[in-house]
Amino acid sequence: MIKEQFNLIHISEVMDQLDVSRSTIDRWRKTKQLPSVKIGKEIYFDKNEVMRWYRQFGQVRQSSPVLTANQTITIGYTTVSTHMWGPLIIKEFGFLEQELRRIRPKDRIEIKWHKAKDGMELIKGMIAGNIHFATFGDYALSVSHMISTMLPDYRPILLAAGGKSAKGDGFGMVVPTDLTLQSIGDLATLPIATTFRTNAEYRLRKMLESHHMTDLNIIHRSIEESMESLRQGRLSASIMWEPFLSLAHHQQIGKSIFNQELGLGFIANVVADERWVLDHEDLVVAYLKAHMQANRLIREQPHQAAKVFALETGFPLEVVSRSISKIRWDAALYSNDLKMLNYFDPSKYFGPSTPPLVSSEIRYNIKYLRIAAQELKLPNLPATPIDGAWPKDIHY
């Protein structure tokens, strides 16, 4: 057919892909000269021309009064979990620099990388306006949302997923290899180590509460201290996540149990402040393209990615390879992902002085990820989170 021959798409497809109404498309054709062609009574568009026009004249603005030609974009990241390692690939292979040179060839935009010890440090940097994009975990996202209800000028918005793992894969309780526990009730006699006010502690307490075990001996230690105590035989149980689960297996210092009981899977998140996003939409699309390119490299060249991760984190290459193979590298947002993200209420364990989390759901915006996917010629993303299970053959 003629439309396939000339790469044409119907006006209804443009409305769906750009998430706008027919009246908006008609207005753009009339006032902003959106290129189109009429075949009979139907209106069609060249797909490539639509995206080029959209970047220049549509909802994604090419320039911004806020970011001048010689300013800086700061990318915040942390290496505390394998799920959050995507920015290391963006950094190593210069994916973001490539996109910036393409869309801002005359501008000198410096990229700075801020390595944080945890998600809370990244949130503080975002609140201060010192970090523009950050990748952190699901619990930290909930904390960020909770803080935004108390600080009206802080409006974090979820733009894409980072690494994600299904239930039973993201977290586990590590115990000595010679220790046998038949049920969660057997934990009643053991001290359990976990990191303080983190995803790990939240999941542990939720699991114990579900079994009416609220008075156990929970001790707070860094995960590195817990690893060393397990190695020396001075600890009976610790809540861990990747890559530490793989490290414990590799060094034969413990085994992982109760993975399913510790709740939902684990997902990292790409987040920015909404005000900054609205002022720099072309840069947001550029970063998300770099993010999806990093995901593709990890999926298709895992050994090359593992070498980068091992060098940055200091973990053995075998441990890194094992760890990244357990994780789905997919930027798309699924309905089930959002359900999991809205599962957390960090105020519950922050102390009595902390107001409870407002019931509103985590805020997200898929528009920029959809545009980035289109420019990378990936399968079209719908305008709403994808329903159903993660597909095996489609990744973003």
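Have a look at E209, E228, E201 and point out the one that is touching a residue at least 12 places away in the same chain (Cβ under 8 Å) and assigned to a helix (DSSP H, G or I).
On the way: E209 fails: touching a residue at least 12 places away in the same chain (Cβ under 8 Å); E228 fails: touching a residue at least 12 places away in the same chain (Cβ under 8 Å).
From the options E209, E228, E201, the qualifying one is E201.
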Testing H83 on (1) buried (at least 18 other Cβ atoms within 10 Å of the Cβ); (2) in contact with a Lys or Arg (Cβ under 7 Å, 6 or more places away or on another chain); (3) in a strand (DSSP E or B), one condition comes back false. Which one is that? (3)
Among the residues in segment 175-188, are any closer than 23 Å to I239 by Cβ and in the same structural domain as V285 (by TED's automatic domain parsing)? no
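Residue-by-condition table, conditions (1) outside the structural domain of G125 (by TED's automatic domain parsing); (2) in contact with a Leu (Cβ under 6 Å, 6 or more places away or on another chain):
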| residue | (1), (2) |
| --- | --- |
| E225 | yes, no |
| L245 | yes, no |
| W276 | no, no |
| L283 | no, no |
| A290 | no, yes |
| P302 | no, no |
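Only one of these is within 23 Å of the chain's Cα centre (by Cα) and free of Cβ contacts under 8 Å to residues at least 40 places away in the same chain: L151, L216. Name it. Spell out the reasoning first.
Details: L216 fails: within 23 Å of the chain's Cα centre (by Cα).
Of L151, L216, the one residue that is within 23 Å of the chain's Cα centre (by Cα) and free of Cβ contacts under 8 Å to residues at least 40 places away in the same chain is L151.
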Please find, among L317, L311, L288, L297, the residue that is crowded, with 18+ Cβ neighbours inside 10 Å and either more than 24 Å from I362 (Cα to Cα) or modelled with pLDDT under 95 (or both). L297
With the condition kept exactly as written, say whether any residue in segment 102-110 is at pLDDT below 95 and in a helix (DSSP H, G or I). yes
Please specify each residue of segment 232-255 satisfying the condition of being buried (at least 19 other Cβ atoms within 10 Å of the Cβ) and either basic (K, R) or in a strand (DSSP E or B) (or both). S238, I239, M240, W241
Which condition number in (1) free of Cβ contacts under 8 Å to residues at least 40 places away in the same chain; (2) in contact with a strand residue (DSSP E or B) (Cβ under 7 Å, 6 or more places away or on another chain) is the one that A237 fails? (1)
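Take R275 and decide whether it is touching a residue at least 24 places away in the same chain (Cβ under 8 Å) and either surrounded by fewer than 17 Cβ atoms within 10 Å (Cβ to Cβ) or of a type in the set (A, V, I, L, M) (or both).
Details: touching a residue at least 24 places away in the same chain (Cβ under 8 Å): yes; either surrounded by fewer than 17 Cβ atoms within 10 Å (Cβ to Cβ) or of a type in the set (A, V, I, L, M) (or both): yes.
The answer is yes for R275.
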Of the conditions (1) assigned to a helix (DSSP H, G or I); (2) in contact with a strand residue (DSSP E or B) (Cβ under 6 Å, 6 or more places away or on another chain), N269 clears all except one; give me its number. (1)
Out of G172, G168, G119, sole residue that is modelled with pLDDT of 90 or more and under 30 Å from K255 (Cβ atoms): G119
Filter segment 325-339 down to residues that are assigned to a helix (DSSP H, G or I) and surrounded by fewer than 23 Cβ atoms within 10 Å (Cβ to Cβ) and give me whichever is modelled with the highest pLDDT. S335
Six or more apart or on different chains, Cβ atoms under 8 Å: show the pairs whose first residue is in segment 257-270 and in contact (Cβ under 8 Å) with a residue 40 or more places away in the chain and whose second is of a type in the set (V, I, T) and not in a strand (DSSP E or B). F258/I184; E261/I184
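The values are calculated or read from the model by the stated rules, or taken from the named source; none is laboratory data. Being a predicted model, the structure only gives us computed values, none of them experimental. For neighbour counting, all protein chains shown are included, and Cβ atoms are generated from backbone atoms with ideal geometry for every residue, glycine included.
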